[in-house]
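Below: one structure, written as structure tokens.
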Amino acid sequence: MKTRSILPSLLALLVATGTAAAAGPEPARAKPEARSCHLPGAEGSLRCVAIPVPSDYAKPDTKHLKIHVTVAPAFREGAKADPLFVLAGGPGQAGSEVILLLPSALKRVRATRDIVFIDQRGTGLSGKLDCEDKPEHETMSEAELEAEVKRCISASRVPFAAYTTANAARDIEEVRRALGYGKVNLWGGSYGTRLGQAYARAYPASVRAMILDGVAAPDQVIPAGGRDGQAALEKLFDQCARDAGCNKAYPNLRAEFDSLSARADAGVKLSIADPRTAQPVTFTMTGQRFSGTVHNILYSPADARRLPFLIHSAYQGRWEPFIARHNVGGDFAGEGGTAYLLYLAVVCAEDVPRMTPALMKEDAALLTRALAERLPAMCKTMNVPAVPYAAPARIEAPVLLLSGALDPVTPPRRAESAARHMTHARHLVVANAGHGVSQLGCAPRLLREFLDAPSATLDAKCLAEIPAPTFQLGSAGPQP
């Protein structure tokens, strides 16, 4: 899960909120018509359906939105009645953009259960709220980028206040009822763990079990992620120092990183051959671009093991490898990139109001400082009302919590905090994983076993067998 270059390294900086409510009666309704569809990343035919929901639940007769849902039917006949609903990250990523989970993390689950991917309102095929991605964004100054964002916000006529986590949770209930399911299971990744918790608290009678991967805590504030990011960076430095090859190749890694950070804060003017086109390009490497790229790299341990090489190369004046990695977010965003205005709608209403000076001072760190400083100005342009924080109600459904010990945004401490508000929680920590565990090693089998028997003992010793990636020591790539 990556963001566009207009504001790098935003995905999965998460919070988890929600209010308790009764599920309500189940009036008879006609099932919406589904059509056969094909989506990038999925083999074979899927079923797609658009489900109308009120844009404003306080005024149900007003304009409706259409929530796009993709159903991957169970492989076996006689599928279990309780499907798995998939909630993507961000906020701003759509369920239809994580279809690649089907042949990896969810292949075993799909053998006996329907997998239902939901495009949250304002994402993907559910009326994506976004800004145009222009090539010149990558060479603009921070002030120019901020002006671009403000123009994009001002040009939109969308009622941003309707795009809250609480309304997204109500949409999930509408999807469940429209498709005729009884109790459902939830898989949430990154921001999807926040949305999943909100749904379980609002509609406890609708939830059978939950799997939360990269877990957000109820009190987590999105822009205040400096402490977690810095901890992941320090772990990487320590691992390099303990690895004979990495330590030999980069004996002064910390000092080189500190030097680059200081230079980027002052602005490094670069004239290089564009790594994508080989054409000359001139732009300034700013502190926000530098720290945002580093933070983004830390999400994946395999990616993070390339960081010492990127830092050392840039320190020696060869910025091309670092710029090539910086461009990855924009190169692979395309039509599937984060719904940037949806991200702002959620964060500006639910998180920025809780960015107290005391919190920001306590959690201030290089990797997220620039973003935290710029968000309030963008939120002022968004002009959405603050959503008051509510103490989290207890979740009674069985929950499997998954954490990567190297995660820079939702490390194990966040899952531990979330588990304090759950009656039946099991927390698994993978030593060599970062932001996302479900697709690694034996995890797909464990997901199936948990869903088949949520209250049974789960033997998860196999997660310790997931190896650490090797460090990249030169231009040829990581070591064998």
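The values are calculated or read from the model by the stated rules, or taken from the named source; none is laboratory data. Values in this document were obtained by computation on a predicted structure and should not be read as measured data. Reconstructed Cβ throughout: ideal geometry from the backbone, glycine too, with neighbour counts over all protein chains shown. The accessibility values were calculated without ligands, DNA or RNA, using every heavy atom of the protein model including side chains. Shrake-Rupley method; radii C 1.70, N 1.55, O 1.52, S 1.80 Å.
Expressed in units of 2.2 N^0.38 Å, where N is the residue count, the Cα radius of gyration of the stretch 107-230 is 1.31. 3J(HN,Hα) along the stretch 375-384: 4, x, 5, 5, 5, 4, 6, 4, 6, 9 Hz, from the Karplus curve 6.51 cos²θ - 1.76 cosθ + 1.60 with θ = phi - 60°, whole Hz, x for Gly and Pro. The C-alpha atoms of the chain define a longest principal axis, and helix 142-155 lies at about 20 degrees to it. Counted over the chain, the DSSP beta bridges are approximately 50% antiparallel. In a fully extended conformation the segment linking Ala278 and Ala205 would gain 20.5 nm over its present Cα-Cα distance, using 0.36 nm per residue. The relative contact order of the stretch 29-93, computed from alpha carbon pairs under 8 Å that lie at least 6 residues apart in sequence, is 22 percent. The long axis of helix 320-333 is offset from the longest Cα principal axis of the chain by roughly 20 degrees. The calculated 222 nm mean residue ellipticity attributable to helices in the chain amounts to -11000 deg cm²/dmol, summing -39500 (n - 2.57) over DSSP H runs of n ≥ 4 and dividing by all residues. By the equivalent-ellipsoid construction on the alpha carbon gyration tensor, the stretch 243-392 comes out with semi-axes of 32, 20, 15 Å, ordered largest to smallest. Averaged over residues, the count of other Cβ atoms within 10 Å places the peptides 340-348, 434-442, 398-406 in the sequence 340-348, 398-406, 434-442, highest first.
Accessible surface for the chain, divided over its residues, is 41 Å² per residue with a 1.4 Å probe. Under 8 Å for C-alpha pairs, at least 6 residues apart: give me the relative contact order for the chain, rounded to a whole percent. So the answer I get is 21 percent. In summary, the chain shows an alpha-carbon radius of gyration equal to 0.96 times the 2.2 N^0.38 Å reference for compact globular proteins. The packing ranking of peptides 108-116, 377-385, highest mean first, is 108-116, 377-385, where packing means the average number of other beta carbon atoms within 10 angstrom of each residue.
Here the chain exposes an accessible surface that is 54 percent carbon and sulfur, computed with a 1.4 Å probe and the other protein chains kept in place. Do any trypsin sites (Lys or Arg not before Pro) in the stretch 137-242 lie in a loop, going by DSSP, with at most 13 other beta-carbon atoms within 10 Å of their beta carbon, and if so which? Sites meeting the loop and neighbour criteria: Arg157. The relative contact order of the stretch 347-476 comes to 20 percent, based on Cα pairs under 8 Å that sit 6 or more residues apart.
Each part gets one Cα centre, and for the stretch 144-191 versus the stretch 24-102 those centres are 13 Å apart.
When DSSP beta bridges are restricted to pairs lying wholly in the stretch 326-480, around 10% turn out antiparallel. Evaluate the Kirkwood expression for the hydrodynamic radius of the stretch 200-306, namely the inverse of the mean inverse distance over all pairs of different C-alpha atoms, and round to one decimal in Å. It works out to 17.3 Å.
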